1. List the lysines whose Cα lies under 16 Å from the Cα of K291, skipping any in the same chain that are fewer than 8 positions away.
2. Can you tell me how much longer the chain between L41 and M61 gets when fully stretched, taken as 0.36 nm per residue apart minus their C-alpha distance, in nm with one decimal?
3. If I take R0 = 41 Å and measure r between the Cβ atoms of D727 and D553 in this structure, what FRET efficiency does the formula 1/(1 + (r/R0)^6) give, to the nearest 0.05?
4. Exposure proxy check: C43, C144 ranked by fewest other beta carbons within 10 Å?
5. Of all beta bridges DSSP finds with both residues in the chain, what is the antiparallel percent, to the nearest 5?
6. Where a ≥ b ≥ c are the square roots of the eigenvalues of the C-alpha gyration tensor, would you call the stretch 88-155 rounded, which needs a/c under 1.5, or, failing that, prolate if a/b is larger than b/c, or oblate?
7. Compute the FRET efficiency between V268 and E174 as 1/(1 + (r/R0)^6), taking r as their Cβ-Cβ distance and R0 = 41 Å, and round to the nearest 0.05.
8. Evaluate the distance, in nm, between pseudo-label points positioned 7 Å from the Cα of M421 and of T499 along their respective Cα→Cβ axes.
Amino acid sequence: MSTKKPACDIKIPPMEKLPTDSAALASDFQRYLTRYLGRYLGCVPFYLYEAMSYTIRDRVMADWRSTWRRYENKGVRKAYYMSLEFLIGRSLGNHILNLGLDSESEMAMNTFALDLEEVTSAEHDAGLGNGGLGRLAACFMDSCASLKLPVIGYGIRYEYGMFRQEFDNGYQIEEPDHWLRDGNPWELERPEYTQVIKFGGRLEYISDINGGSRHLWLDTDDVLAIPYDVPISGYKNNTVNTLRLWSASATNIFSLEDFNAGSYPEAVEAKNDAEHITMVLYPNDASENGKELRLKQQYFLASASLQDVIRMWEINEGNDYSRFADENVFQMNDTHPTIAVAELMRLLMDEKGLSWDEAWAITSKTMAYTNHTLLPEALEKWPVFLFERLLPRPLQIIYEINARFLKQVARQWPGDTQRQMRMSIIEEGEVRQVRMAYLAIVASFSVNGVAALHSDLLTKGLFRDFYELWPERFNNKTNGVTPRRWVAHANPDLSSLITAQIGNDWVHDFSRVAKLKAHVGDKDFAERWHTVKTANKKRLAALVKKHCDVDFDTDSMFDVQVKRIHEYKRQLLNILHVIHLYDRIKRGDTKNWTNRCVLIGGKAAPGYHIAKMIIKLVNNVADVINNDPQVGNRLKLAFIPNYGVSKMEIVCPGTDLSEQISTAGKEASGTGNMKFMMNGAVTIGTYDGANIEILDAVGEENFFLFGLKAEEVEARRQHYHPQSLVDEDDDLERVMHLLQCGHFNSLESKIFDEIIDSLLNPHDPWLTLADFRSYVDAQTRVAATYRDKSAWLAMSINNTASSGHFSADRTIGEYNEDIWKLTSI
Ligand code: 26Q
C-alpha cells in the first residue's frame, strides 16, 4: 500500500462557495430535476426530494472537503466513533437547517408552487439502528460537527435497515426496509479506500533467522469492504464531518476455477455470501446470542475501520507508530465493535511488526468503551467455537490478553481462584464463551455508563470486580440529544417563540434555554406557548388519524409512550392504567374528568414473542375503547405503526405527558425522555436512568414521580406476591378481571393468558403490579393538574427551560474533556 500523499490531492485550490439565495437554489433544483434526473414537476415527490438534495449537497461539498483536509494534517488528534448502528433518519431537512438555508429553500420551492415540507418528507429514513443506542450515535455525530471536533463515525451501510412495521389483525408484521432502492444522494462511494477483510483460514507460526517470529493467517476467505461517506454538517459553522459506512463486496466476482469448470452459478454464489454480511441490520435491541452473521458484521466493521485509520496514519507518519496513541482514540458504542481490541493488536503485530508490548501499549491507550445496559442477560457473549471457525487469529490474541490479565488478577488477589473464574474473559462451561464486555474493560482506558445511576450501578453490580481493580477507568457520561433536530427542526413554531423571547443563541448553546425560566409567570407568553402546543397537537392528531384512523381531540391531554417494546419498559403498566380509566368510565366514575388521548408506538424484536403480544393487546384494547360510544372523547387509545425518527419529529412536539415508566434500575438512561422534555412535555416517570437527572433539573413540583426505587425493587423481589396486590386493590382487581374474562379478546380466547400470567407471577422480573397503585395515583395527580391550564403551562415551560443539560453538546463536551482530549478545529 502506498504511504505517499495521493498526487491528486496536491495543490488543489479550495472549492469556491456556491450562491445560496433562493434564485440560485431554484435554478439548480430545476437543472437537477430536468437535466440530471430527467423528470418534471409533476413527478413522484421522491425525485423532487432528490433534486433538492443534490442542490443542497453541492453547498455542503466545499466545507466537507476543507474539513477533511484539515483533519488530514499531521498532528491532528482524532476520535473514531465505532458503532454497529447510526439511526440518522432523514438528512435533507437537517442539512438545510444546519446551513441556515431554511427560508431561502422554502422560497425556492415556492417558486414551483411546492412546499419544502412536502419535498423533504419524501426522503426515506436511514433506519440503520434499533433505538436509543443507534440514535445516540447520530445525535453525537451532529454535536461533534457542531463543536468542530475531529471525529469520524464508522459504521455499516446496511442494504436493509430496521424493518417496517405493519399490523394484520393487530399483530405486528415485519416488512423489509429496502431504503437504498431509489438511490441515496447523501452517500459518496469511495472505492479507492477499499479494505480487505479476512475470515476463516488457518494459522501458521514461523520463526525467522534473527530469532524473531511471526504469526501467519493463511488461506482465508476474503471479503472487500467498500466505504461510503455521508456528510454530517455542523450548525452554521462551515464544518462538515464524515460518517464512513462500510459495504461488503466479493473479492473476485468470478472465481476463475469454478468459471472454467463451467459452474457459473457456483462462482456467483461466493459473491452472494460476501455481500450478505452487510445485507441487513439485526432488529434486536438486546443481544441475540450466537448468530454467526452478526459476529461477521462486527469483525467486518472493526477490521475495515482500523485498517482505514492505519492507512491514514501512514500517509503522514510512515511506519512510525510511536505517536499513534497520542493522536488516535476509538470510542466503542457498547461491546458490538469490541473485537476491534484483538484486531488492532493483530494489525500492529502481524502486519506492522510491532511487539506484543508495543501493540498493547497502543491498544490500551486508544480504546474506550461505553456500556448501555444493566440487564445481565443483554451482555454480549460469543461461543468460542464460532471464533475458532471465523476468527482464529483474533481468538488466539484474546487468549493471550486473558492469560496476561488473569496473572494480574492473581497478583492482586493471591489465591482467590473464584475471582479469577468470575473475571476471566473466557467463560468456562458446556459451551465456552468470550465475554465481550470484559474484553472491552480490560483493554480500555475509559469505561463509561450513560446516566449517573447507571454508571453507579455498574461499579456496584455487573463490573464490581473490575471497578475494584481499576477504579480510575470508570466514569459517567449522561446522554444527551441534539437540540438542532429535536427542537429547531422538529418544532419550528416553538423555536420561533423561544427565539422571540430570549434571542437565538440557544441553538448554539442550549444551556441558554434556562433564560426561559424568567418568563414562566408571564401570562402572555404562556398563552403563546399554549397556542404553539395546540398547533403541534393538531399536526400529531392528523398523523394519528392518517395511520390509525382514530380521532384525537386537541383539547384532550396527549399522553405518549413511544420506544422499543420491552417488558422492562413496561408498556403493560401503561395499558393497565388505560383499562382502569375505561373501567371508571363504564362505572360512571367520571366526576372532574380529564379527557385523554393515549398514544403508544414502537417495534418489537421479531423473535420476542411476549413483546409482540403486548402490541396485540394495545391494539385490541384500542378497538374496544375507541368504538364504545359511552367512552366518547373521554379516552382514546392508538398504536402508531412503524415508529421511527421521522415519526418522533411530529410526535414529540405534540406531546403533553411523556411516559418514562421502566422498572427502576433497568433503563440505562433513556433519551426519548430528553426529547419530550425539550419540547415542553411533562414527565411521569420512575426513579430510573436519566429520569433522575431530569427530576433534579426541573424540580419535584414539575415532574410526576412514582414507583419503587432501584434498591427497593431489589429488596421487594424476596417478598413479591402480585395476587395479594390484586386482592387488596379494587381498581386493580377490576382491571385484571377485564383482562381475564376476555373482554378485549372475545374473538380470540386465551391469547393474552401469557401476559396475565407474567403479571401475576411472583418471579415477574419487572414487578409491574408492585407499581400499579403508585402509578395510578400519579396519573390522577397528572389529570388534576392538566385541568388547571395555567399550572400545566408553567410546568411545561419549566421543563423546556430546565432541559439545557440534556443537549448532546454538553455530553460530547464531557467526552472530549475527560476521554478524547481533541482540539476543536
Ligand atoms: C446485540 C447482539 C446481537 C444483536 C443485537 C444486539 C444489540 C443491538 C442493539 C443489543 C443492544 C442494542 C441496543 C441497545 C440500546 O439501544 N440501549 C439503549 O441505549 C440508550 C443510549 O445510551 C439508552 O438511553 C437506553 O437506556 C438503552 O436501553
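Every number here is computed from the coordinates shown, using simple stated rules; none is lab data. Everything numeric in this text was worked out from a predicted model, so none of it was measured. Here the Cβ positions follow ideal geometry from the backbone for every residue, glycine too, while neighbour counts run over all protein chains shown.
1. K381
2. Between L41 and M61, full extension yields 4.6 nm more.
3. On the way: r = 37 Å, r/R0 = 0.91.
So, using R0 = 41 Å, E works out to roughly 0.65.
4. So the ranking, lowest neighbour count to highest, is C43, C144.
5. Just about 45 percent of them are antiparallel.
6. Oblate, since a/c reaches 1.5 and b/c is not below a/b.
7. So the FRET efficiency works out to roughly 0.90.
8. 6.4 nm
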